[in-house]
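In what follows, a single structure is set out as structure tokens and then discussed.
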Amino acid sequence: MSSPALECVNVSKTYILGRDIEVKALRNVSLRVDKGDFVSIIGPSGSGKSTLLHIAGTLDRPTSGRVLIDGVDVTELSESKLTAFRKNKIGFVFQFFNLITNLSAIENVMLPMLLSRRYTLREARLKALYLLRLVGFPEDRLRNTPNRLSGGQQQKVAIARALANNPTYILADEPTGNLDVSSSAEIIATLKLLNSFGNTIIIVTHNIELARVTNKILFMRDGCIYEEAPRSFLEHMPMDESTLDAKRKIQLEMLKLERENIERLFKNRLISSEAYEKALKSIEEKELKVKQ
Amino acid sequence: MITLLYLIRYAMRDLWGKKVRTGLTALGIAIGIASLVSLFIVSLGLRARVGESINTLLGSSIIVRMRNSEPISIYVVHLLSNIPGVKKAVPVIIGSGLVESNNAFILAVPIDEIQSFQTIINGSSISSPRALECLMPKESATRMGISIGSTVRVVTQYAQEGVSFKVVGLSEVGGLLQAALAGPASVVAVSIEQGEKLLNKRGVADMILIRVNDPSNVSRVVNAIKLTYPNLAVSTEEDVLNQAQSILNTIDAVIFTISAISIVVAGVGTMNSVTMSIREKIREIGVLKSIGTSPAQILFIFLTEGVILGLLGGFLGSVFGIGLGYVVIKQVLPRMFRFEINLPFILSPEPFINGLVIAIAASFLSSLLPSLNASRIRPVEALRYE
């Protein structure tokens, strides 16, 4: 089980939001996920993990670098080839479940199989049933539409749907992000079980508890990927003395304005003397802090 | 195949999920189609009626006039009746005057021919060529308070003091001469002898109606007349029918242009509905695409929605329209004008099919643009959409 399911080579993604405004969402990210892996990518919001997920899911293209899925270079594939590719190679699980609202639970799972045209209606129904049993979906709810299912049940349907066409890997974007604790636990257990049956799973999350369950944790910060948590991140605060001085001055000016405001209010009898005293004291304390 | 059925089912459930909007959009289409279909039915009736009238009057007859619209000498009548194949040549005098101070159209023909011009529904025909007797349309007689046996005063340019005629029979209205020539004025039929005096047309006729022995001889007779008398203008039932058709075509064009506007309005309604439906589903379109639905399949889903709306509206509209056409023909038209218009109500599959096809085509076209846009939505953007 050492052949790669997903390989990203020096992938960069730059969004151009307007004239002269560029956002570098990914910077030279290289990543390899082997078949059978259970990988989590964790990082704060804005770190680029959603962008990486979209690129790994062929929903978006990198600005530079190459993406290989199951040994196939998908970087340059046409939109219609990508659609076919996605259908057979990638399963998606989203934070907000994203089931098709006017299809029942079992029909949602059948849809990818019918779209692939590889299954007959009967086969698709039977396989959907097996998948839903596998993820622990209650059998008396098979005909319910998503709006009549709990969050946990919807996410189980979503996982079953992701597995429908035997994908190379499943991409899960915050799969427990919208669930209560017990539903989250069930979903995590389900994912772990499916991985133990040989399914490759990539999870993107900022939930460290979920990440701990996986075999491999990758950390994302500011568009870069790390094998270990970059601890120096918070300590490293670049601000030199002169900038600090300028900020101090601004703070003092602002406090001066506050003091004038309070005095005017008091003079015009708009606030009581106690309130005036209290406010004055707080301003003085702040001034002291700046001057220290 | 199963995939297509699945996508159609998806579209139907989507429409079913928002019944009010679906219903209102279909209603919008239905109104447009109903107006179109009902007008189509009235137009069908009108055509049938005109054809029928011309056929009753002319059948396989031929109308002969002078090319310069001058009266024709009565002598020509005798000459024409000698042409081989001609059974009979009937002189006709037409003119205008006043009957009891109302505008009237005067029709004078030999009394043995009078019934082929006017269908008598009450009373009898004119008894003798010299009798001061006349026939009047029932409707105008009723309006003027005239009944069989009453005396009416007919005034013309040449009989300014007026001549009194006894009304002996009431005729049906709505004949060709009534509708096409006289308009809302009534047609008073008298004997040709009296007509000559009233309209000062002694020894002449305005036109000559020629009856042939054998309907298949019409063209041969027409050619013979044209050859022998180049000054005469000859028209057959076919010519008159063609003339009438071209008038009817103009009326149709106006009518259908007006109802085309309502179809356009319905189309815009459908476009709005499909656009809204897509707006609400952007995220879902993203999901569909991410699980491998192709742009063509997305296009198919929303076009199907549009076509179902068209089918629904077209069916409703066609049924409404046929009902409306029935009401207009049977209830509105006979009462709307001073003279009665009786059109036949013809129930054929044609208006129904036309209505349905136009509705489907209109809704297909108007949902094409929003559906194309939907199929082009990029999944990443759609998934980000709240």
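The values are calculated or read from the model by the stated rules, or taken from the named source; none is laboratory data. What you are looking at is a predicted structure, and each value in this text was computed from that prediction instead of being measured. FYI the Cβ positions are ideal-geometry reconstructions off the backbone, even for glycines, and counts take in every protein chain you see. These accessible areas exclude ligands, DNA and RNA; they are computed on the full protein's heavy atoms, side chains included. Shrake-Rupley method; radii C 1.70, N 1.55, O 1.52, S 1.80 Å.
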Failed criterion for B:PRO344 (all others in (1) more than 19 Å from B:ARG13 (Cβ to Cβ); (2) away from chain A (no Cβ under 13 Å); (3) open to solvent by 20 Å² or more (accessible area, probe 1.4 Å); (4) assigned to a helix (DSSP H, G or I) hold): (4)
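Considering only the stretch A:59-97, how many residues are part of a loop (DSSP other than H, G, I, E, B) and either within 14 Å of chain B (Cβ to nearest Cβ) or free of Cβ contacts under 8 Å to residues at least 40 places away in the same chain (or both)?
Total satisfying the criteria: 14.
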Determine which single condition A:ASN144 fails, assuming it passes every other condition in (1) closer than 22 Å to B:ASP14 by Cα; (2) touching a helix residue (DSSP H, G or I) at 6+ places or on another chain (Cβ under 8 Å); (3) polar (S, T, N, Q); (4) surrounded by 18 or more Cβ atoms within 10 Å (Cβ to Cβ). (4)
Being open to solvent by 10 Å² or more (accessible area, probe 1.4 Å) and more than 8 Å from chain A (Cβ to nearest Cβ) is the filter here, so list the residues in the stretch B:279-309 that pass it. B:ARG279, B:GLU280, B:LYS281, B:ILE282, B:ALA296, B:LEU299, B:PHE300, B:LEU303, B:THR304, B:VAL307, B:ILE308
So is A:ALA105 within 8 Å of chain B (Cβ to nearest Cβ) and among the small types (Gly, Ala, Ser) or not? no
Quick count over the stretch A:98-136, residues being on the phi > 0 side of the Ramachandran plot and open to solvent by less than 20 Å² (accessible area, probe 1.4 Å), is 1
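Given the criteria within 30 Å of the chain's Cα centre (by Cα) and open to solvent by less than 40 Å² (accessible area, probe 1.4 Å), does B:ILE121 qualify? Even if it seems obvious, please write down each step before you answer.
Numbers: within 30 Å of the chain's Cα centre (by Cα): yes; open to solvent by less than 40 Å² (accessible area, probe 1.4 Å): no.
For B:ILE121, the condition - within 30 Å of the chain's Cα centre (by Cα) and open to solvent by less than 40 Å² (accessible area, probe 1.4 Å) - is not met.
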Single residue of B:ILE111, B:ILE29 found to be touching a helix residue (DSSP H, G or I) at 6+ places or on another chain (Cβ under 6 Å) and touching a residue at least 40 places away in the same chain (Cβ under 8 Å): B:ILE29
If A:LEU126 meets every condition in (1) aliphatic (A, V, I, L, M); (2) more than 30 Å from A:PHE219 (Cβ to Cβ); (3) away from chain B (no Cβ under 14 Å); (4) in contact (Cβ under 8 Å) with a residue 24 or more places away in the chain apart from one, which number is that one? (4)
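So that you can scan it fast, the table gives a plain yes or no per residue for (1) over 22 Å from B:LEU27 (Cβ atoms); (2) open to solvent by 40 Å² or more (accessible area, probe 1.4 Å); (3) part of a helix (DSSP H, G or I); (4) of a type in the set (A, V, I, L, M):
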site: B:LEU241; (1), (2), (3), (4): yes, yes, yes, yes
site: B:SER246; (1), (2), (3), (4): yes, yes, yes, no
site: B:ALA266; (1), (2), (3), (4): no, no, yes, yes
site: B:GLY269; (1), (2), (3), (4): no, no, yes, no
site: B:ASN272; (1), (2), (3), (4): no, yes, yes, no
site: B:THR275; (1), (2), (3), (4): no, yes, yes, no
Positions within the stretch B:1-59 being open to solvent by less than 10 Å² (accessible area, probe 1.4 Å) and not in a helix (DSSP H, G or I), in sequence order: none
